[in-house]
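Notes to accompany the following structure.
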Amino acid sequence: MKASNELWKTRLTGQITDGLAEEIDTFEMQIELRRQDKMDEKVFAETRLRRGAYGQRYDNGQRHDGSESKTLPYDTTKHTKGPDTVWDAPGMLRIKIPYGGMNPEQLEVLAELAEEYSDDIAHITTRQDFQLHYVHIENTPTIMRRLAAVGITTREACGNSIRNVCGCPFAGVCQDEAFDVTPYADAFTYFMLGHPDAQNFGRKFKPSFSGCHQHSCGLAAMHDMGMTAVVREVDGERKRGFRVVVGGGLGAVPRQAKLFDEFLPVEELLPIAQAMSKVFGKHGEKKMRSRARLKFLVDKWGIDKFKEEVLAERANLTPDPRWTEYLEHIEEETEKPSRPPGDLPALNGNERMNHWVKTNLREQRQEGYVAATVALPLGDLTSDQLRSLADIVRQFTNGTIRTTVEQNFVIRWVSKADVPALFNALDAVGLSEPGASNILDIVACPGTDTCKLGISSSRGLAAEIRSRLAETSFKLDQAVQDLHIKVSGCFNSCGQHHVADIGFFGANRTVKGFKVPHFQVVLGGQWEENAGSYGLPIVAIPSKKVPNALDRITSFYLTQKQPNERFVKFVKRIGKTKMREILEDLAEVPDYEGNEDFYADWGDPRQYSIGDIGKGECAGEVVSQYEFETAAAERIVFGAQVSLEEGDAQKAGEDAYRAMIKAAKALVLVQYDDVTEEDPDEVVDEFKERYVDTELFLDPFAGSKFADYLFDAHQQVGRTFDADSAHHLIEETQLFIEAVHSCYNRVRTQGLNR
Amino acid sequence: MDLQHVNIKIFVEGELTVDLDDVIKVFHELISQQALPGVLLDVGDYRHVPAGPSVLMVGHEADYCLDNGGHRYGLLYRRKAPLAGSNEDRLRQAFDAAFHLCQLLESKFPTLKFSRREFQIIINDRGLAPNTPETLEAAKPAIESFLNGIFDNTQVSLEPDTDPRRRFAVAVKSATDFALPAAS
Ligand code: SF4
């Protein structure tokens, strides 16, 4: 804990708005109450989450060192800061940046905080937030005060609340937008922040604003509430409104958002958001966390009933002047440049600058200006870089900058005449990475580096691919340069792997008794059109062979694509069977002896949970029945994808169910070999009795979620599938199979007794 | 003035010659054995960030980085937990902890050599020690007496960082090596 915490409290008095100051004081008191064990640990955990203070890997006080799990020697006399969460274990602090908008003073404060309370690194997330890692809980109120003094809050950055409001980083300068969504996103943020009607959710709620449909800057389709700007002629007048979609989301089982309203007049934006929050708070699932996102309520009711309920709630709201006050001068509000417009000077053969200009600049709607993307490897930058960036923003703009969902910054309103000077200024501080928004600009979630749920090293893999591509990327064919790669450390999709051209998510496999880090290869997703479609996993590849898999995919694409064929269309035309075929041999894991490297993850020399090897596996020469059965389940679910692709949703759904039964049977066989999948009732009963009732199958974090997928599917056997429901069941089956692998690994490590 | 959260960065002599993957391995071993005072818990790899912390070992009381801040590698000890004692004691504690790991790394990597004449002192707390001439004035006696304890009658120069946005920091340079017992 910092020695200066009290000092900051006094020093910042009067510099923070009363409401915020009071909230932070209250949070500080809650920390003290929990420290003295006068507040329940679960209540405290949700309280701190709503303040943005999140858990981090190893915060249960255990760490696997490659051969065994060891207890970290923390002071055990202290109380926990949540179930199974050691008080002194550092955590992550998420800092909300509404629509990514920042100013130089805020950059400077972030720089100070990263230095003084974290590890000198500030990290931009895929939802335009910042994260600081390794933060001690007792320092969080001071950090919050220092942020609040420059107008930033961490409130509702995590927990069951309305999360950061995302928005196009090009809003106001984009050539394609209907209008600048910035002031609407801003009004939405502060109207809903702490709103009493948004405090009773069973899960988080993520909103987003986009200026147009065709690009992906706001990713409307993957949000709980996505707004896309639309202008319409109403009674001869041009009126602003939003195309609103609801119930979208990535996570374990992604959902495309459903259309709520083709044109919601801007006057109705805030009341509808309030009414929707009320409906979600009242009717959203509360007990089963895995079914508590808005998408499940929309699914359960159907979009028509959902809309009906929201409109009924809207009709009953007490009018609030804040709904429309902000609209008064909104059309005149816009950022202004600080420098006159200009022309791009000759770049005089500076190859690096030319390359950067080509990939990182975007013409603004306003003549003579460009928006420049500052590409950050893995979304990270240092405190010194943040301070330099603050200077650069002051020098070239009116003092504004935005974070992006691709974990970068965008500097807008750069006069074209200033481009060489801007490049040189960025270059001097290591911020002139080219390749913004292309194959080099890989998005990765924190994964096993800091996330408690990480299975494989997403950042390690992304760093490896980046360094292999760094030298050559701009010599690659344009079609390959344009690909988007996104990596998640597990199925939860924080790295947004579902909407990449080529996505990866972490998985683990046990091969001949050894655990091996893997990534599922996800193809068929679409980044454009605001995340227009979601990909599906086609095969799991050992982590260390993923770069080879990427080479294969891109070479195959280059040689087989038709002129101007985008990757997503290419995958559709070629088919997943063929795509899988070209990767299949890479799925093989070489024997442990002499290939130990395969049994460790990228950037982590520890044996990948080698201590989890079970006893009596006789050098792992025997391929168990379990491995045969799960391999078969994986084959069947892949076949289901192919059927779906061929338009046979019914067969796809039925095969997905069959694969689930097969995987469940694989686990049952570990304990009891007299079970057959000809009798699914028996498989499900045995599975329930042996793995669910005994809690062996319960996921440490997701609880019974994956078992429920099986039970739901089994209960609905014989149903009719459409493309949507078959797609969902395939996703659920993939996750169920992953959970079977995890359970098998746990059972091998811990034995059958819980 | 209370000097807490002392950071010491002892610079690498010449170019860095070690493979940082190997340093990461050593950090993992140290964590596994909990081989340094306090709780050691994680390894961070920031080699993708230019002039950043590079590779670090995160602890509860302190972090240890093979830091590349300012494009200059050095072993950075970053004290996080407050310490009792005088300012001079705290400077000495941080210095000893940093130098201990320098010696340990030197013993593992024969080509790696840390300077015995040049290091940096940073106070990682703008609340206690803003980077102002007043802080320098107030901190100087403790810094000088700490330096007297590690250098034998030699001329030592102190160069403060004058950017008010940065943390209070002084670069220490001497004409002769500091005198400390070898690591046991
Ligand atoms: S995708 Fe998984 S590993 Fe990555 S941050 Fe999300 S929960 Fe953690």
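If you wrap a convex hull around the C-alpha atoms of the range A:132-250 and split its volume per residue, what is the figure in Å³?
Working: hull volume 18.0 nm³, N = 119.
About 152 Å³ per residue, rounded to a whole number.
Please compute the modelled spin-label separation between A:F263 and B:R72, points set 7 Å along Cα→Cβ, answer in nm with one decimal.
Going by the 7 Å Cα→Cβ label model, 6.5 nm.
With each label point set 7 Å from Cα along the Cα-Cβ vector, what nm distance links B:A171 and A:Q62?
Calculated label separation equals 4.8 nm.
Based on alpha-carbon positions alone, could you give the equivalent ellipsoid semi-axes of the range B:1-79 from the gyration tensor, as √(5λ), descending, whole Å?
Value: 19, 18, 10 Å, ordered largest first.
Using amide H atoms built in the peptide plane, which far-off residues or other-chain residues are under 5 Å from A:F209 H to H?
A:C166, A:G167, A:C168, A:M227
Can you list the residues, at least 5 places off or on another chain, whose amide H is less than 5 Å from the amide H of A:S161, using H built in the peptide plane?
Amide H to amide H, under 5 Å and 5 or more residues apart or across chains, A:S161 pairs with A:K204, A:F205.
How long is the range A:679-733 along each principal axis, judged by its Cα atoms, biggest number first, in Å?
35, 29, 11 Å, listed from the longest principal axis down.
Suppose the chain between A:T26 and A:A315 were pulled fully straight at 0.36 nm per residue; how much longer would it get relative to their current alpha carbon spacing? Walk me through the numbers on the way to the answer.
On the way: separation 289, 0.36 × 289 = 104.04 nm, distance 3.49 nm.
Full-extension gain reported as 100.5 nm.
Using DSSP to call loops (not H, G, I, E or B), can you name the trypsin sites (Lys or Arg not before Pro) in the range A:23-125 whose Cβ has at most 13 other Cβ atoms within 10 angstrom? Can you show the working numbers first?
Values: sites: A:R34, A:R35, A:K38, A:K42, A:R48, A:R50, A:R51, A:R57, A:R63, A:K70, A:K78, A:K81, A:R94, A:K96; in loops: A:K38, A:R51, A:R57, A:K78, A:K81, A:K96.
The qualifying sites are A:K38, A:K78.
Would any residue of the range A:679-701 have its amide N under 15 Å from a label point 7 Å out along Cα→Cβ of A:Q671? List them or say none.
Of the residues in the range A:679-701, A:682-699 have backbone N under 15 Å from the label point off A:Q671.
So what's chain A giving for Rg/Rh, alpha carbon basis, Kirkwood Rh from the mean inverse pair distance?
Numbers: Rg = 25.8 Å, Rh = 27.1 Å.
Expressed as Rg/Rh, it is 0.95.
Using just the Cα positions, wrap the range A:284-413 in a convex hull and report its mean projected area in square nanometres, one decimal place.
Averaged projected area of the range A:284-413's Cα convex hull equals 14.2 nm².
For the range A:351-428, what does the equivalent ellipsoid look like in terms of its semi-axes, each the square root of 5 times an eigenvalue of the Cα gyration tensor, given largest first in whole Å? All intermediate terms of the calculation are to be shown ahead of the outcome.
Working: eigenvalues 65, 40, 34 Å².
Rounded to whole Å, the semi-axes are 18, 14, 13.
Checking a compactness column here: for the range A:5-148, what do you get for Rg(Cα) / (2.2 N^0.38 Å), N being the number of residues? Write down the numbers at each step before the final one.
Details: Rg = 15.9 Å, N = 144, 2.2 N^0.38 = 14.5 Å.
That ratio works out to 1.09.
Please compute, for peptide A:64-71, the average count of beta-carbon atoms on other protein chains lying within 10 Å of each residue's beta-carbon.
Numbers: counts 1, 5, 3, 1, 1, 0, 4, 0.
The per-residue average across the peptide is 2.
Mind listing the long-range amide H neighbours of A:Q256? Cut-off is under 5 Å, sequence gap 5 or more, other chains count too, H placed in the peptide plane at 1.01 Å from N.
none
Rounded to the nearest 0.05, what FRET efficiency is calculated for A:Q15 and A:K38 with R0 set to 41 Å and r the Cβ-Cβ distance?
Values: r = 30 Å, r/R0 = 0.74.
Computed FRET efficiency for A:Q15 and A:K38 comes out at 0.85.
Based on the Cα coordinates of the range A:17-101, what is the per residue volume of their convex hull in Å³?
Values: hull volume 9.6 nm³, N = 85.
So the per-residue Cα hull volume is 113 Å³.
Tell me which DSSP H helices of chain B clear both cut-offs, 30 Å or more of axial length from alpha-carbon atoms and a mean Kyte-Doolittle hydropathy of at least 1.6.
Details: long enough: B:87-108 (32 Å, -0.58).
Helices passing the filter in chain B: none found.
Which semi-axis lengths, in whole Å and largest first, follow from the square roots of five times the eigenvalues of the Cα gyration tensor of the range A:469-517? If you can, show how the numbers build up before the last one.
Numbers: eigenvalues 157, 47, 12 Å².
Largest first, the range A:469-517 gives 28, 15, 8 Å.
Show me the ranking of peptides A:646-659, A:690-703 by mean Cβ neighbours inside 10 Å, starting with the highest. List each step's numbers first, then the result.
On the way: A:646-659: 20.5, A:690-703: 16.2.
Order by mean packing, descending: A:646-659, A:690-703.
So what is the relative contact order of chain B, in percent, for Cα pairs below 8 Å that sit 6 or more residues apart? List each step's numbers first, then the result.
Values: 350 pairs, mean separation 45.4, N = 184.
With pairs under 8 Å counted, the relative contact order is 25 percent.
In nm, to one decimal, how far is the modelled label at B:D21 from the one at A:K572, with both set 7 Å along Cα→Cβ?
4.1 nm
Any idea what % of Cα-Cα pairs in the range A:174-329 are farther than 28 Å?
On the way: 1951 of 12090 pairs.
Result for the distance tail: 16 percent.
Taking a point 7 angstrom from the Cα of A:Y74 along the C-beta vector, which residues in the range A:19-33 have backbone N less than 11 Å away?
What the label zone holds, given the 11 Å backbone N cut-off, is no residue at all.
Looking only at other chains, what is the average number of their beta-carbon atoms within 10 angstrom of each beta-carbon in A:106-114? Don't jump to the answer; show the numbers that get you there.
On the way: counts 0, 0, 1, 0, 0, 2, 4, 1, 0.
So the per-residue partner count for this stretch is 1.
Average projected area of the Cα convex hull of the range A:363-404, in nm²?
Across all orientations, the range A:363-404 yields a mean hull projection of 3.5 nm².
For B:34-45, what's the mean count of beta carbons from other chains sitting within 10 Å of each residue's beta carbon? Don't jump to the answer; show the numbers that get you there.
On the way: counts 3, 0, 0, 0, 1, 8, 3, 13, 12, 5, 7, 8.
The shielding value for this peptide is 5.
What list of whole percents do you get for P(r) of the range A:448-543, with Cα-Cα distances grouped in 10 Å bins up to the one holding the largest distance?
17, 44, 32, 7, 1
Rounded to the nearest 500, what is the 222 nm mean residue ellipticity of chain A from helices alone, with -39500 (n - 2.57) per DSSP H run of 4+ residues and division by all residues?
Working: 24 runs with 286 residues, N = 754.
Calculated from helices alone, the mean residue ellipticity at 222 nm is -12000 deg cm²/dmol.
Filter the cross-link list A:K486/A:K662; A:K42/A:K70; A:K486/A:K578; A:K545/A:K662; A:K515/B:K108; A:K486/A:K544 down to pairs whose alpha-carbon distance in this structure exceeds 19 Å. Numbers along the way, then the final one.
Details: A:K486/A:K662 30 Å; A:K42/A:K70 25 Å; A:K486/A:K578 22 Å; A:K545/A:K662 27 Å; A:K515/B:K108 30 Å; A:K486/A:K544 17 Å.
Pairs exceeding the cut-off: A:K486/A:K662; A:K42/A:K70; A:K486/A:K578; A:K545/A:K662; A:K515/B:K108.
Can you give me the three principal axis dimensions of the range A:364-498 from its C-alpha atoms, in Å, biggest first?
Its Cα atoms span 46, 35, 27 Å along the three principal axes.
Would you please classify the overall shape of the range B:35-184 from the alpha carbon gyration tensor, given that a ≥ b ≥ c denote the square roots of the eigenvalues, rounded means a/c under 1.5, and beyond that prolate means a/b larger than b/c while oblate covers the rest?
Values: a/c = 1.42, a/b = 1.18, b/c = 1.20.
Taking the square roots of the gyration eigenvalues as a ≥ b ≥ c, the range B:35-184 is rounded.
Calculate the all-directions average of the projected area of the range A:274-324's alpha-carbon convex hull, and give it in nm². Spell out each step's value before the answer.
Numbers: hull surface 15.8 nm².
Computing the convex hull of the Cα atoms and averaging its projections yields 4.0 nm².
Each reported figure results from applying straightforward, stated rules to the coordinates on display, with no laboratory input. What you see is a predicted model; the values in this text were computed from it and never measured. Glycine gets a Cβ as well: all are built from the backbone with ideal geometry, and neighbour counts include every protein chain shown.
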